[in-house]
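The values are calculated or read from the model by the stated rules, or taken from the named source; none is laboratory data. This one's a predicted model, so the numbers in the text were calculated from it and none came from an experiment. Positions of Cβ are backbone-derived with ideal geometry, glycine not excepted, and every protein chain shown enters the neighbour counts.
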Amino acid sequence: MTFHVLTLFPQMVDEATSHSILGRAKNAGLISVRCVDIRGFAVNRHGQVDDAPYGGGAGMVMMAPPVYDAYKSIGSGARVVYLSPQGKLFNQRMAEEFSREGELILLCGHYEGLDERVIEEIVTDEVSVGDYVLTGGEPAALVLMDAVSRLIPGVLGKDESSRDESFSEGNLLEYPHYTRPPAFMGRAVPEVLLSGHHKKVEEWRRAQAVERTRKKRPELIT
Ligand code: ADE
């Protein structure tokens with residue numbers, strides 16, 4: 001999977017995808033993150049990429065030409081995902097759909113927004129990572145890349161991927177996990193987990209997952 005990221009902060013995106021599982025996936029060539037610095041397509045030698053809004057008002061608007069030229073430099077017909085609080089709310093189903101694309105272009109906005117005309121011209125999907133406003137699209141793009149990458153075959157190790165059931169299949173939250181020591185601050189590990197009875201453990205975990213989901217996220221139970 002190749003993620004092309006149109007951004008004003010390529011270092012932030014490169015750095016944040018260089019650790020842990022994503023870093024390993026990049027090194028293994030399972031994903032690649034190619035940042036295109038929008039400022040490299042500035043309209044003048046001062047590096048200008050934003051301007052005052054027509055019609056007045058506070059804040060600045062990201063100009064269409066630098067964004068468009070940065071996009072054209074990629075030379076790809078891949079879907080263009082614009083990260084914005086006005087987008088469709090990101091979820092596991094969308095992550096799965098995106099993971100089946102070989103290539104994605106992620107467009108990170110800044111300032112008060114992007115000139116509407118470049119959105120109309122190039123964007124195929126508008127995605128929000130939650131009903132709150134971020135300072136820019138980069139943290140949202142990182143969320144999307146993380147959720148999509150872990151669905152790419154080979155990105156998660158065997159141990160990691162076998163635990164992938166929660167959201168995608170049963171639509172349930174994960175059951176609680178325990179490891180050594182057997183007692184912590186007077187709290188014991190649930191007896192059944194020490195029993196060595198695999199079927200009982202499985203039943204208990206399933207029941208816990210259902211119970212947790214009912215308690216914490218009842219709206220997930222269909
Ligand atoms: N940019 C600013 N806020 C955002 C959000 N909630 N989701 C995606 N992109 C954003």
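Hey, among the residues in segment 168-202 that are in a helix (DSSP H, G or I) and under 32 Å from the mean Cα position of the chain (by Cα), which one's surrounded by the most Cβ atoms within 10 Å (Cβ to Cβ)? Among those that are in a helix (DSSP H, G or I) and under 32 Å from the mean Cα position of the chain (by Cα), it is 170. With respect to the conditions (1) at pLDDT below 95; (2) among the hydroxyl-bearing types (Ser, Thr, Tyr); (3) within 17 Å of the chain's Cα centre (by Cα), residue 149 falls short on a single one, namely (1). Counting the residues of segment 71-83 that are assigned to a helix (DSSP H, G or I) and surrounded by fewer than 21 Cβ atoms within 10 Å (Cβ to Cβ) gives 3.
Does segment 121-142 contain at least one residue that is within 11 Å of the ligand (Cβ to nearest atom), exposed (fewer than 11 other Cβ atoms within 10 Å of the Cβ) and of a type in the set (Ser, Thr, Tyr)? For segment 121-142, residues within 11 Å of the ligand (Cβ to nearest atom), exposed (fewer than 11 other Cβ atoms within 10 Å of the Cβ) and of a type in the set (Ser, Thr, Tyr): present. When the residues of segment 203-222 are filtered to those that are touching a Leu at 6+ places or on another chain (Cβ under 9 Å) and at pLDDT below 95, the one that is surrounded by the fewest Cβ atoms within 10 Å (Cβ to Cβ) is 221.
Summed over segment 54-78, the residues that are within 16 Å of the ligand (Cβ to nearest atom) and either more than 16 Å from residue 37 (Cα to Cα) or under 14 Å from the mean Cα position of the chain (by Cα) (or both) give a count of 3.
The set of residues in segment 1-36 that are of a type outside the set (Lys, Arg) and in a strand (DSSP E or B) comprises 2, 3, 4, 5, 6, 7, 32, 33, 35, 36. Say whether the condition of being within 13 Å of residue 3 (Cβ to Cβ) and within 15 Å of the ligand (Cβ to nearest atom) is met by at least one residue in segment 150-157. No: segment 150-157 contains no residue that is within 13 Å of residue 3 (Cβ to Cβ) and within 15 Å of the ligand (Cβ to nearest atom). Please verify whether residue 83 is within 16 Å of the ligand (Cβ to nearest atom), in contact with a helix residue (DSSP H, G or I) (Cβ under 8 Å, 6 or more places away or on another chain) and assigned by TED's automatic domain parsing to the domain that holds residue 144, treating the condition exactly as stated. Taking the combined requirement at face value, the residue satisfies it. Residues of segment 88-114 that are more than 16 Å from the ligand (Cβ to nearest atom) and either in a loop (DSSP other than H, G, I, E, B) or crowded, with 19+ Cβ neighbours inside 10 Å (or both): 100, 101, 102. Among the candidates 101, 138, 121, 126, which residue alone is within 19 Å of residue 74 (Cβ to Cβ), at pLDDT 95 or above and more than 17 Å from the chain's Cα centre (by Cα)? Within the list 101, 138, 121, 126, the selection yields 121.
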